[in-house]
1. Applying the selection to region 192-208, what residues are modelled with pLDDT of 95 or more and over 16 Å from residue 234 (Cβ atoms)?
2. Taking the criterion of being aliphatic (A, V, I, L, M), part of a loop (DSSP other than H, G, I, E, B) and not assigned by TED's automatic domain parsing to the domain that holds residue 319, would at least one residue in region 233-247 satisfy it?
3. Working carefully through the options 349, 336, 343, find the one that is out of contact with any helix residue (DSSP H, G or I) (no Cβ under 7 Å at 6 or more places or on another chain), of a type in the set (Ser, Thr, Tyr), at pLDDT 85 or above and farther than 12 Å from residue 306 by Cβ.
4. Can you name the strands (runs of 3 or more DSSP E) wholly within region 248-317 that have at least 1 residues being among the acidic types (Asp, Glu) and either touching a residue at least 40 places away in the same chain (Cβ under 8 Å) or under 30 Å from residue 167 (Cβ atoms) (or both)?
5. Scan region 156-189 residue by residue and report those that are in contact with a helix residue (DSSP H, G or I) (Cβ under 6 Å, 6 or more places away or on another chain) and either at positive phi or surrounded by 18 or more Cβ atoms within 10 Å (Cβ to Cβ) (or both).
6. If we keep just the residues of region 116-155 that are surrounded by 19 or more Cβ atoms within 10 Å (Cβ to Cβ) and without any contact (Cβ under 8 Å) to a residue 40 or more places away in the chain, which is nearest to residue 211 (Cα to Cα)?
7. Looking only at region 108-146, filter to residues that are part of a loop (DSSP other than H, G, I, E, B) and more than 21 Å from residue 75 (Cβ to Cβ); which one of those is modelled with the lowest pLDDT?
8. Only one of 182, 208, 159 is in contact with a Cys (Cβ under 7 Å, 6 or more places away or on another chain) and not aliphatic (A, V, I, L, M); which?
Amino acid sequence: MYGRRGTAGVGALIAAAALVFGFGAVAAGAQTTSAHKTKATAASHRTHPNRGPSSVTKKEQKKGKDPKGDAAFGTVTAVNGTTTAGTCGTSGVAGTFTITNPKTTTATTVDVTTTTKFFDRAVTTGASFADVCVGKFAGVMGTTLTTGAISATAVGVKTPPKRLEAAFGTVTAVNGTTTAGTCGTSGVAGTFTVTNPKTTTATTVDVTTTTKFFDPAVTTGASFADVCVGKSAAAVGTTLTTGAISATAVAAFTPPKVLEAASGTVTAVNGTTTAGTCGTSGVAGTFTVTNPKTTTATTVDVTTTTKFFDRAVPTGASFADVCVGKSARAVGTTLTTGAISATVVSVTTPPTKSFFPGGPAHGHGHGHHSTRGPGGGPAHRNNHGFDNHGADHHGSDHHGSR
């Protein structure tokens, strides 16, 4: 299929290029003179698991080579024994490389000499062994040696298209630091980690000076400085051998704040639990509210921008109205410490409980007042100074005269 006896020159070059650049039909047409001949020689063809078939005589097999040409194609996995990605051969120097068939995973060693011809689409003229690099695709035509390696007559090389990968989630580290609010530096290369909130998978993202950044909160000039621990981010780029993503573009944005609330009795203000201790107006500080049902204590941070409301203070309520013993409700965002950074605080003074021992005293409406009479019962005096159960102030008795 790949050539008749004596055509290992031009035919091999065409076939090698066809293997890499996808001109299978052209190669087949160039190497097959007629359907009749293909049928006639099919029985004598042999197939290598990583190579094209070729007809071989017993005499040629004994010599350990196939003058009609053998083929192999796949990903270059090693050059001169080195498997490091990007490792290349040297122009004009003999050497070896390994290609692995992506379907069969069969690895084939390829020997190149100073006469081997090279082709690379990305190189207009002068392609050489230096263009054969670990990670590229390659197609080879040549003769099979007794070692099983192919002595290459022609090698076609192609850089595989980059496959973009994406990672998104919460930024949990920037340049190895996990402290909330830590950001990258504009115009400087670095790394950050994004953790997927659903799968909890952490992906390292490498950024360079050419990485493009986007942030809805930054009209122009978004940069690595906008990637901060605690923000959300999405990165698109190519996967490195380390598993990290080399980012072409990164979008960062601040996730919407989720408001939290805490209410209960104020049990401490700025760390003091003494009843009646209050905050200071216009000054930042903290107080603790304890839920009377769950007994859960929550620390509340207040700032100079926190808004305060107190029914007893129609205007100008402040942190000074937050006192130990009062009731309070705070609404804001939860900090990494578990405290609430309060946006709004409302304060109320709990009602005072009062009662009258011995039962209530009753008046009669027109200035009547009561005193205790004999036997502990209430005695009523009218506006004229008469005692209902005793003599009046003028000596007359309701029940008769003395």
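The values are calculated or read from the model by the stated rules, or taken from the named source; none is laboratory data. All of these numbers come straight from a predicted model, not from anything done at the bench. Note that each Cβ is placed from the backbone with ideal geometry, even for glycine, and that neighbours are counted across all protein chains shown.
1. The one that is modelled with pLDDT of 95 or more and over 16 Å from residue 234 (Cβ atoms): 208.
2. The initial filter retains those residues of region 233-247 that are aliphatic (A, V, I, L, M), namely 233-236, 240, 244-245, 247.
Checking the rest, the ones that are also part of a loop (DSSP other than H, G, I, E, B) come to 240, 244.
So of that shortlist, the ones also not assigned by TED's automatic domain parsing to the domain that holds residue 319 come out as 240, 244.
For region 233-247, residues aliphatic (A, V, I, L, M), part of a loop (DSSP other than H, G, I, E, B) and not assigned by TED's automatic domain parsing to the domain that holds residue 319: present.
3. Numbers: 336 fails: at pLDDT 85 or above; 343 fails: farther than 12 Å from residue 306 by Cβ.
Answer to the check: 349.
4. Numbers: elements: 259-269, 285-290, 297-302, 307-310.
Those strands (runs of 3 or more DSSP E) span 259-269, 297-302.
5. Hits for region 156-189 are 156, 157, 158, 183, 184.
6. 120
7. To start, the set of residues in region 108-146 that are part of a loop (DSSP other than H, G, I, E, B) comprises 113-116, 121-128, 132, 134-136, 145-146.
Next cut, more than 21 Å from residue 75 (Cβ to Cβ) only: 113-115, 124-126, 145-146.
Working: 113: 96, 114: 95, 115: 96, 124: 84, 125: 88, 126: 91, 145: 94, 146: 93.
Ranking the qualifying residues of region 108-146, first place goes to 124.
8. Numbers: 208 fails: in contact with a Cys (Cβ under 7 Å, 6 or more places away or on another chain); 159 fails: in contact with a Cys (Cβ under 7 Å, 6 or more places away or on another chain).
Result of the check over 182, 208, 159: 182.
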